[in-house]
Structure formats: structure tokens, C-alpha cells
Amino acid sequence: MPIPLTLQIRRLASAEGLALPRYMTPGAAGMDLHAATGEDVVIEPGAIVLVPTGLEVAIPEGYEGQVRPRSGLAVKHGISLPNTPATIDSDYRGEIRVPLINLGREAFVVSRGMRIAQFVVAPVARVTWEEVEHLPSTDRGGKGFGHSGV
């Protein structure tokens, strides 16, 4: 059962007429973010462009906002985020802007209102470090990248 949470959101003038983020299906973890551009933005192959959403949010303490790529854009066009997931801290109050990177072979056009990313709100644990001489052992130990043969 999902944890109910109410977030305050502020729509900037640049997002006038655009939909607020919403879940597209009952089981969706993320809500779509829309491009609040004044005109089309072309992302050339290999380029990174910061795309505005025209939205500001107040994320409660103890939570973070995560901005993630949309799978359809990634698979069909090679559009992703260079820092995925991007974190929006609970004390940030500026506009959500999405850094998109074109990993594809052709230029990609972002138009106003296009769904460009997913927005997920997740709880955050606060860590206190306990420095020790040795860590508890496990069967895996220090085996890392590719250790399972996959």
C-alpha cells in the first residue's frame, strides 16, 4: 500500500497551461514531468541540455525527489539523464530543471509540453557512521563487477 504524502507545488508562468505531474497508471512509481519551453529545443547527439519544467516543489524533510529518464525516450531515441537519478533535496526551492543527454545518433527535438522525465518521491535515511577495524563477513565478500558471471 503506497504511503500517502501531500506536496506543495508552485507553477511558474512558463508552465501555464501544462499539466501538473501525475501518475499515468495506478501502479506507477513516477509522475511525468513536462517541458516548459517557449520554443522547440534541439538536442544534438552527445549534447546535454537543461530543460525547464516551470515547477517548484516543497519536498518534506525526510524525503527526496528523484528525476529519472523515461524508458520510451531512452529506448526509442537514446534520451537519458547524465546524472540519473538526479536528486532534489528537501531544502531546495528552485525550479525543477531536467538535464537531458542525447546518446542517440540523431538530433532530438524537445517541444513544449513533452513528457521528458519521471519524478519519484522517496524516503531518505540519515546515516551515522561507526568506524570499525573489520566489517562483518558475507559469502560474497569483496567480489564486485561481474563476479556472478553475468
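Nothing in this text is a laboratory measurement; each read-out follows from the coordinates by a stated rule. This structure is a prediction, so every number in the text was calculated from the model and none was measured. Cβ: placed from backbone, ideal geometry, glycine included. Neighbour counts: every protein chain shown.
Quick look at the numbers
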quantity	calculated
Rounded Å value of the spacing that divides the Cα centres of region 18-96 and region 119-150	28
Sites Val75 and Ile48, calculated FRET efficiency, Cβ-Cβ separation with R0 25 Å, nearest 0.05	0.85
Coordinate range along principal axes, alpha carbons of region 25-123, Å, largest first	41, 28, 23
Whole-number Å³ per residue for the convex hull built on Cα positions in region 58-102	69
DSSP-loop trypsin sites (Lys or Arg not before Pro) across region 8-112, with at most 13 other Cβ within 10 angstrom	Arg22, Arg93, Arg105
Separation of the Ala29 and Arg126 label points, Cα + 7 Å toward Cβ, nm	2.5
Efficiency of FRET from Cβ geometry, Ile3 and Glu39, R₀ 35 Å, rounded to 0.05	0.35
Full-extension gain in nm, Leu20 to Asp89, via 0.36 nm per residue minus C-alpha separation	22.9 nm
Sites excluded, chymotrypsin sites (Phe, Trp or Tyr not before Pro) in DSSP loops with at most 14 other C-beta within 10 Å, longest stretch of the chain	24-128
